[in-house]
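Undergrad: After the structure tokens below, expect a handful of questions from me.
Every number in this text was worked out from the coordinates using simple rules, so none of it is lab data. Small disclaimer: the values here were computed from a predicted structure and weren't measured. Methodologically, a virtual Cβ is constructed for each residue, glycine included, from the backbone with ideal geometry; neighbour enumeration extends over all protein chains shown.
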Amino acid sequence: MNILITGADGFVASNLRIHISQKKNYELLLHTKKTTERELFHFLETADFIFHLAGVNRPISENEFFIGNADLTKKIVTHLESLNKKTPIVFSSSIQALLANSYGISKKQGEDSILAYREKTGASVYIYRLPNVFGKFSKPNYNSVVATFCHNIARSLPIVVNDREKELNLCYIDDLIASFLDTLDGKISSGYIDVTPVYTIKLGELADLIKSFKENREKLLIENVGQGFTRAIYSTYISFLPITSFNYSIPKYEDPRGSFVEMLKTKEAGQFSFFSALPGVTRGRHYHHTKTEKFLIIRGKAQFRFQHLITKEYYELVVTDENPTIVDTIPGWTHDITNIGENELIVMLWANEVFNRELPDTISAEIKK
């Protein structure tokens, strides 16, 4: 299948191209500002599906809105009609098509051309009235305020927030692309298409959230970035990091027993660390009232010992890196870990709470068999 993408070097199209390239049996026809009219017409003659994503939203003169949005769309559908083709078209419009500004009017005229094409040919058309779209490959000071905030904050540059209470309606690029691909797979009916979810957030809240990503990195802290809007914004922020910020140092604490390194702290799901122990070294020898931990041997051989604080019941086990095993520490049981191997022991550690030096919930105790 030949797929034409107009505006192929733009933000949305760049993401779409990557997703489609992962699929088999698709040939991409890429239209950019450098594409001649003759080349465009040739693409239209061979295309089996069209994503019409080209458009103008920041012109030097208002007339460019109509040339880049309305006129180009009219040219595309007129040529398709002359070829007696009914090629399906996805058209990226804007929520501003409902407004009486030049950009909105030009997008509405593009919609009208698409609908007229459907009426004449019976072609399937998919019109997306998009809110602000954000995500990787977007351009600061051009595509969206999200891109600008992420770019500037990642580089310690100032941002401007004129109205903290202004509400934004935002769509994440991966959600949009997923919907685009559904049209390609015939999973969506022709007509106006709503992208979901659309996230609503105040401008000031958006700025504060993105700033927190930068500030918390220095504290080894991370927001709840596993789902929803925060996941999408965090991914976008990370995509704007300069190359020199791809890595960062974290503290390492060393003593005669080995080393201890805190990797990452979460707000609601504890923290991740790792430690080492030299041969014959024992670490731990304490208990917790409430805190729990999970240990994973990354390298070496370890003996775990446990003793119940009240009954004095005793338990031990040996774990090696050859058989990945999680060992839990249990509240009310003293525990320790000894390197019984010949080489340095490396252990991954998760605790269900971030360590609090004021309330460590870590009480020293010896295990006596």
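Undergrad: Rounding to the nearest 20 debye, state how big the charge dipole of the stretch 2-130 is about its Cα centre with +1 on each Lys and Arg Cβ and -1 on each Asp and Glu Cβ.
TA: About 260 debye.
Undergrad: Can you run the Rg to Rh ratio on the stretch 2-130? Use alpha carbon positions and the Kirkwood inverse-distance Rh.
TA: Result for the stretch 2-130 is an Rg/Rh of 0.95.
Undergrad: As an exercise, take the mean of 1/r over every pair of distinct alpha carbons in the stretch 66-128, invert it, and state the Kirkwood radius in angstroms.
TA: 11.6 Å
Undergrad: Let me ask something additional. Under unit Cβ charges (Lys, Arg +1; Asp, Glu -1), what dipole magnitude, rounded to 20 debye, does the stretch 252-364 have relative to its Cα centre?
TA: Values: 13 positive and 16 negative charges, 25 e Å.
I would put it at about 120 debye.
Undergrad: Restricting to lysine pairs 8 or more places apart or on different chains, what number in the stretch 2-130 have Cα atoms under 18 Å apart?
TA: 15
Undergrad: Sticking with this one: Find which of ILE243, ALA178, TYR192 sits farthest along the positive direction of the dipole of the chain, computed with +1 on the beta-carbon of Lys and Arg, -1 on that of Asp and Glu, about the Cα centre.
TA: Towards the positive end, the residue furthest out is ILE243.
Undergrad: Counting only DSSP beta bridges with both residues in the chain, what percent are antiparallel, rounded to the nearest 5? Working shown, then result.
TA: Details: 50 of 76 bridges.
Percentage antiparallel, nearest 5: 65.
Undergrad: If you don't mind, another one. What is the spin-label model distance, in nm, from ASN216 to ARG155 if the labels are put 7 Å beyond Cα along the C-beta direction?
TA: So the label points at ASN216 and ARG155 sit 2.5 nm apart.
Undergrad: For the stretch 168-220 and the stretch 301-366, write down the distance between their C-alpha centroids in whole Å.
TA: What the calculation gives is 42 Å, centre to centre.
Undergrad: Of SER93, THR32, SER14, which is farthest along the charge dipole of the stretch 2-130 in the positive direction, counting Lys and Arg as +1 and Asp and Glu as -1 at C-beta?
TA: Farthest along the dipole direction, towards plus: SER14.
Undergrad: Using 0.36 nm per residue, how much length does the chain from GLU119 to THR32 gain when fully extended, once their Cα-Cα distance is taken away?
TA: Length gained, GLU119 through THR32: 28.5 nm.
Undergrad: Using only DSSP helix segments of four residues or longer, with each worth -39500 (n - 2.57), what per-residue ellipticity at 222 nm results for the chain after dividing by its residue count and rounding to 500? Write down the numbers at each step before the final one.
TA: Details: 8 runs with 102 residues, N = 369.
That comes out to -8500 deg cm²/dmol.
Undergrad: While we're on this one: By how many nm would the segment from THR244 to THR196 grow when fully extended, if each residue of separation counts as 0.36 nm and the alpha-carbon distance is taken off?
TA: Extra length from THR244 to THR196 when fully extended: 13.8 nm.
Undergrad: May I ask you to derive the FRET efficiency for LYS368 and ARG257 from their Cβ-Cβ distance with R0 = 22 Å, giving the value to the nearest 0.05?
TA: Working: r = 21 Å, r/R0 = 0.95.
According to the calculation, E is roughly 0.55.
Undergrad: How would VAL161, VAL90, VAL327 line up from fewest to most surrounding beta-carbon atoms within 10 angstrom?
TA: Least to most surrounded, the residues fall as VAL161, VAL327, VAL90.
Undergrad: When the C-alpha atoms of the stretch 21-95 are aligned to their principal axes, what extent does each axis show, in angstrom, from largest down?
TA: 40, 32, 26
Undergrad: Grab every C-alpha pair in the stretch 252-364, bin the distances at 5 angstrom width from 0 up to the longest one, and report whole percents.
TA: Each 5 Å bin holds this share of Cα pairs: 2, 12, 22, 25, 21, 13, 4, 0.
Undergrad: Excluding residues on the same chain fewer than 8 positions from LYS252, give the aspartates and glutamates whose Cα lies under 12 Å from its Cα.
TA: GLU262
Undergrad: What full-extension length gain, to one decimal in nm, is calculated for LYS166 and GLN22 as 0.36 nm per residue of separation minus the Cα-Cα distance?
TA: On the way: separation 144, 0.36 × 144 = 51.84 nm, distance 3.85 nm.
Extra length available between LYS166 and GLN22 comes to 48.0 nm.
Undergrad: List the pair-distance distribution P(r) of the chain, using every Cα-Cα distance, as the percent of pairs falling in each 20 Å bin from 0 up to the bin containing the longest distance, rounded to whole percents.
TA: 23, 37, 25, 13, 1
Undergrad: Taking the Kirkwood radius as the inverse of the mean 1/r across Cα pairs, report the Rg/Rh of the stretch 66-210.
TA: So for the stretch 66-210, dividing Rg by the Kirkwood Rh gives 1.04.
Undergrad: Turning to a different aspect of this structure: Let a ≥ b ≥ c be the square roots of the eigenvalues of the Cα gyration tensor of the stretch 213-282; is it rounded (a/c under 1.5), or, if not, prolate (a/b larger than b/c) or oblate?
TA: prolate
Undergrad: Continuing with this model, one more query. What nm distance separates the two modelled labels at LEU264 and ASN356, each placed 7 Å from Cα along Cα→Cβ?
TA: Roughly 2.3 nm, to one decimal.
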